[in-house]
Every structure is written in structure tokens, then in C-alpha cells.
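Participant: Sending over a structure as C-alpha cells; questions will come in a sec.
The values are calculated or read from the model by the stated rules, or taken from the named source; none is laboratory data. Bear in mind that the values here come from a model prediction, so they are computed numbers and not experimental data. In this analysis, Cβ positions are derived from the backbone assuming ideal geometry, glycine residues included, and neighbour counts consider all displayed protein chains.
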Amino acid sequence: MDRRRFLQTALTSVAATSVFNRSVAAEGAYSVADSANAAEPTGRLQGGRAGPLREFRLVAQQGEAEVAPGKVYRNWMYNGQFPGPEIRVKEGERLRIIVENQLPEDTTVHWHGVPVPNAMDGVPGLTQKPIVPGESFVYEFEATPAGSYIYHSHVGLQIDRGLIGPLVIEEATPHVAYDRDYVLVLDDYLSGDPQPLGGSAGRGGMMGRMMGGDREGDRDGWCGGRRDGGGMMGMGGQMPPYQGLLIGGRLPDDPRVFETKRGERVRLRFMNPSGATTFRVAIGGHRMIVSHCDGRPVEPFTVDSLILGTAERYDVIVEAANPGVWPIVIAAIEGNAPPGRAVLRYTDAAATALSEGIPEGMRGGRQLDYQDLQSLETLPDGQPDRVFDLMLSGGMMGSAWSINGQAYPNADPLMINEGEHIRFRMRNHSMMLHPMHLHGHFFRVGNVLKDTVLVAAHMGRAEFDFVADNPGRWFFHCHNIYHMEAGMAREVRYA
């Protein structure tokens, strides 16, 4: 199944979207750029060739997050915030981020999408030793290229404990005009501790040998059907028992409110650092002009809805030409978690009640396809020097998730040489979607640059090309963290 057909059939998974509450929570406009929510630099020193040095501190710690009135749960977070504080810098500045671990177990931080030096990539056991409790690690890299990125733990299932946050590198000269700029972090709400999804899940996991833990059988997993509200997606299609979907760390009964005025152009940066959920996104009363895909600039393209696999990001421009109070809706493509929402509110409109119904974009209209996008940057061209055919499979009867039948870490590295033009061709022989991510590189999908590509279930196919221009040992994996921990990963190693 190609991506366009997949998108055309995705509505069947969100048909149960409920009609949302009519009243808007009485709160002011929310922007993650507000000083109360932004990570504050600890110093501002003059750096070298890369320009000013911006230094931040992230403390990984336990805490409590209120996702709705009366719904407070203990999770892990950065600097006492969930999602973690926004880190926003200008292109060309140098970032120094001191990560302190106050958790009861090891952790790391990965800067998803940024082609950092290999030693700064945050993959335990591959690019760095994990940060043990009570110790710190300093990540330092140039803030380039500009774009919308995410940071998150790369240890075990810690993403689903709340260790996620946005990283924005502002471009010096945007190719689209806008008046306001908001970040929308999309996530799935798991009130309890994440656990492997039963069967063999975790036995080949990246941190299994390093972290230990009970990884045998189904005693603590969610295998073979429902458990605590979770649901199966058919044979081999397990999902964690998510209780809801979040935008900016809030459930729909206490939504984030994003304000605008008639005539403005609003830039919304949709980011999906969730543990396992692929989202469909639409906005009531408005279309979206896609301006960036995984942080990279594209020719503006107008759509009614987006599909964001885990770790994908899209920047869109919304033209504020329809005054009122409108829902920004997200719904899960897999699983049965209730939908989430935020609110787009015109401050100069008379209406005070949220518009009724499901956004038209959830029912039909133009749905974004990778093939619709045209990059504004130079793309890898010509025939590849090396082609890897990769079969994605697993999840059946408790089997490990694998690539070509091998489950990481008991898997052969994919060997490449610096300067080569590489092509990965993927076939999905499983019942679930796989958002595949290559660290340290952008790659070409169709006519756009990305760092994560969604491979449709049931014999879906995808391929991408990249130039081997960042030597090191890099991780390639499914960004559904349960699939990754159960073995769907490989090392890409420069010879």
C-alpha cells in the first residue's frame, strides 16, 4: 500500500472521533515561547566560528504533571515541566546543554533531526555511555540547520515516561511570512509506567543488556488483547493502553488555547515525540499551508489534514480569515485512545463558544502525501552506489520486531563508505505502521528532505536516498519505541 492509499483509508481509524466540548476553558493564550515555559540559558558567552554560545541546563527528574483538572500523575520530566521546556535558538549559534540525571536509572538525550557530531547523538551503548543517576553530561553542537526538532531520552521506554521536549532553531530569513509562532507538542497519555508489549518484546531491546529488568514472556506486558483500556489493532498489532491524546501536555477537557486575530498568519509547528502514536491532524474552519517537513523548507502546499508518524514534524501556516473559536483536533490512526484537541481562538471575534462538530479535514478534503511536497534545497540525485533491501516484520504471536529477520542488538551492522550515495528500500510485512528514523542524516523521500519516514502497514513500501557525509556509528530504527526496544533497529556504520 502506498502512502496516498494509506492516507485515503486512514479515516476509518478516526471515525469514532467524538464531538468536542462546546465551551472553551477559561485561560489565556498559551505559547511555549512564554518565559514561564521556555528553558532559560545559564550563560551567554562568545563562541568561535559558530557564533554566540547558548548554554542551557536540563534536569531529568521525577515529578507530577497535571494533564487536566483533577488528573495529576507522577511521571518523569525535564526541569519539572511536561513536555520539557522549549529550547529556542538562532541558526548558527552554538548550543551547550548540560543534562543532569536525578532519575533512579540511567538516561541520555537525543537531538532528533539535528545532524550533530556522532559523540553528541545520545544513543547509549553506541555513541555514549548512559548518564548514570547523580551525574551529568554536556552536549555541544552547532545549531544548524534551522528547523523544528525534538529532544528526548533514548533509553528504553523513557519517552513514554514524559522525557520529551521541543527544540526550535530559527531561520535567519524565513521563506514564508507569519505573525505568530506556536509549538504544538503531540503526545499519547499513559498514566502508568510503560512496559514491553508482551511476547518477545524487549528481549533484543537496545537497553536490555545494559538495564536488565523482567523481559520474559507476557507476565508484565500487554499481549493478546485489551488490558487497562488498551487495544489490539488485529493480530500482531499491539498498542499500549493510552487513556487519551495530548497537545502541549493537556487532555481535551482542559485544552491549550492559541490566540490570533483576523488577518494574521499563524505558524504552527506540529511535533510528534510520542511513544507509539501516529496522529491525524485537522483544524476546524481552516486549511493548513505546509511550509516545512521535518524541519526542512518546502514549497508551500495547502491541505485539509496531516498525518504525523512518531517523530515527524510539520510546520504549517494558518491564515486567520474565519473568526471564531475553533478546535485543533488530533486522532490516533492505530489504537483506540480518545482524540485530543487544542483551541484556536480569535481575540477580536464575538464568538466565545467552541464551534461544534468534527473539523471537515477529518472527514475528507486534501490529505498530505509526501509526493505533494517539493524541497527548496538540493536533493541527492542520480543512481545510488549501494542499495539495501530491508524487510520490516514482527509482532506475530509474540515475535520480536526485526529488520531482515534480525533483532537488534543481535543484528549485523549496515556497512557504508563516506561519500557514497545510499538507498534504503523498505517493505513492511507486519500489521502495524513503522516510522523509520536514521540518525545523523537527512534523506530524500520523493522530492523532499526528511529524517523520519512512515512505512504503511500490510505490505507498505517506502524508500529513501542519502549521501554518507557524516562519519560515525549511527542508529537506524523504528521510532515506535516499543518496536525499537523489541529489536527493530540496526547500526549504520561507516567503514
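Participant: If we keep just the residues of the range 148-193 that are more than 29 Å from residue 298 (Cβ to Cβ) and of a type in the set (S, T, N, Q), which is farthest from the chain's Cα centre (by Cα)?
Facilitator: 191
Participant: Does residue 393 satisfy being without any contact (Cβ under 8 Å) to a residue 40 or more places away in the chain and either within 23 Å of the chain's Cα centre (by Cα) or within 21 Å of residue 435 (Cα to Cα) (or both)?
Facilitator: In short, yes.
Participant: Here is a follow-up. Only one of (1) within 29 Å of residue 145 (Cβ to Cβ); (2) of a type in the set (D, E, K, R); (3) in contact with a Gly (Cβ under 9 Å, 6 or more places away or on another chain); (4) in a strand (DSSP E or B) fails for residue 427. Which number is that?
Facilitator: Single failed check for residue 427: (1).
Participant: State yes or no: is residue 103 in a strand (DSSP E or B) and surrounded by 20 or more Cβ atoms within 10 Å (Cβ to Cβ)?
Facilitator: no
Participant: Quick check on this structure: which one of 48, 92 is at pLDDT below 95, outside any strand (DSSP E or B) and in the same structural domain as residue 148 (by TED's automatic domain parsing)?
Facilitator: After applying the criteria, what remains is 48.
Participant: So residue 422 ticks every box in (1) free of Cβ contacts under 8 Å to residues at least 60 places away in the same chain; (2) surrounded by fewer than 22 Cβ atoms within 10 Å (Cβ to Cβ); (3) in contact with a strand residue (DSSP E or B) (Cβ under 7 Å, 6 or more places away or on another chain) but one. Which box is left unticked?
Facilitator: (2)
Participant: Determine if the range 120-136 includes at least one residue that is among the acidic types (Asp, Glu), touching a residue at least 24 places away in the same chain (Cβ under 8 Å) and surrounded by 16 or more Cβ atoms within 10 Å (Cβ to Cβ).
Facilitator: yes
Participant: Residue 457 versus (1) aliphatic (A, V, I, L, M); (2) touching a Gly at 6+ places or on another chain (Cβ under 9 Å); (3) over 21 Å from residue 430 (Cα atoms): which is the lone unmet condition?
Facilitator: Looking at each condition in turn, residue 457 falls short on (3).
Participant: Turning to a different aspect of this structure: Test residue 467 against the stated conditions and say whether it is assigned by TED's automatic domain parsing to the domain that holds residue 394, buried (at least 21 other Cβ atoms within 10 Å of the Cβ) and more than 16 Å from the chain's Cα centre (by Cα).
Facilitator: No; evaluated as a whole, the condition is false for this residue.
Participant: For residue 343, indicate whether it is touching a strand residue (DSSP E or B) at 6+ places or on another chain (Cβ under 9 Å), within 27 Å of residue 275 (Cα to Cα), modelled with pLDDT of 95 or more and β-branched (Val, Ile, Thr).
Facilitator: yes
Participant: Within the range 413-426, can one find any residue that is at pLDDT 95 or above, within 16 Å of residue 126 (Cα to Cα), out of contact with any Phe, Trp or Tyr (no Cβ under 9 Å at 6 or more places or on another chain) and not small (Gly, Ala, Ser)?
Facilitator: For the range 413-426, residues at pLDDT 95 or above, within 16 Å of residue 126 (Cα to Cα), out of contact with any Phe, Trp or Tyr (no Cβ under 9 Å at 6 or more places or on another chain) and not small (Gly, Ala, Ser): present.
Participant: Only one of (1) of a type in the set (A, V, I, L, M); (2) at pLDDT below 95; (3) over 19 Å from residue 249 (Cα atoms) fails for residue 103. Which number is that?
Facilitator: (2)
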